[in-house]
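The structure appears right after this line, and notes come after that.
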Amino acid sequence: MKYKLIIDKNAEEEVVVRVHAPSPLTAQIEALVLGGREESGLVGYADGEMRRLSPGEIECITVIDRRVVAIDLENKRYRLQERLRELEERLPPNFIRINKSTLANEDRIQRFEAAFSGGVDAVFRCGYREYVSRRCFAQIRRRYEGI
């Protein structure tokens, strides 16, 4: 394995990683590189206060009553100004889409549970539950089978 670091104040910052195949290490590198870009986090609003939320403390981001809401580790809800598709582009790769209106922090999903209706729910560590669409569940299953 080779490592090269070039410091050039005039060049645009770029990280290039060449590997034979994706692995958990490449996922960690990607999260680190993209996470460095997201130092500022997201700004959430709740109960008249404004709070900066880091991606690591967000369980999921969902749409409730036509508003984009981030749910944190303690199941507290913060209203966000950004649209869901903007957030999907900005957030690290461990945020995955689990249905049309929800992005989930994959690291915070405790388990997938079969629902009485025949569907599947994602159960988060804070206790929040959200349904997983069939299409997204198939993609998640393929992702886990590749590990």
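Every read-out reported here was derived from the displayed coordinates using simple, explicitly stated rules and does not represent laboratory data. The structure presented is a predicted model; accordingly, all values stated were derived computationally and were not measured. Counting neighbours? That spans all protein chains shown, and the Cβs are built from the backbone with ideal geometry, glycine included.
Candidate cross-link partners of LYS100 among the lysines, defined by an alpha-carbon separation under 28 Å and a same-chain spacing of 8 or more, comprise LYS76.
Once the Cα-Cα distance is subtracted from the 0.36 nm per residue extended length, the ALA27 to GLN110 segment shows a gain of 27.9 nm.
The ratio of the alpha-carbon radius of gyration of region 40-145 to the globular-protein estimate 2.2 N^0.38 Å is 1.03. Could you give the angle, 0 to 90 degrees to the nearest 10, between helix 134-145's Cα long axis and the longest principal axis of the Cα atoms of the chain? Tilt of helix 134-145: around 40 degrees.
Extent along the principal axes, Cα only, for region 1-99: 50, 32, 23 Å, with the longest axis given first. Computed from backbone phi with θ = phi - 60° and the Karplus coefficients 6.51, -1.76 and 1.60, the 3J(HN,Hα) list for region 113-121 is 10, 5, 8, 4, 6, x, x, 10, 10 Hz; x is used for glycine and proline. Just to confirm my numbers, what's the Cα centroid distance between region 1-70 and region 117-133 in Å? Here the two parts' Cα centres lie 24 Å apart.
Within region 96-147, report the trypsin sites (Lys or Arg not before Pro) that DSSP leaves as loop and that have at most 13 other Cβ atoms within 10 Å.
Here the trypsin sites (Lys or Arg not before Pro) that fit, given the DSSP loop and packing criteria, are LYS100.
Rounded to the nearest 10 degrees, the inclination of helix 24-37 to the longest alpha-carbon principal axis of the chain is 90 degrees. Starting from region 88-146, pick out the GluC sites (Glu not before Pro) whose DSSP state is loop and whose Cβ has at most 12 other Cβ atoms within 10 Å. Of the GluC sites (Glu not before Pro), not one in the loops of region 88-146 has a Cβ with at most 12 other Cβ atoms within 10 Å. Between GLY48, GLY119, GLY127, the Gaussian network model of the chain with springs among Cα atoms under 10 angstrom shows the greatest mean-square fluctuation at GLY48.
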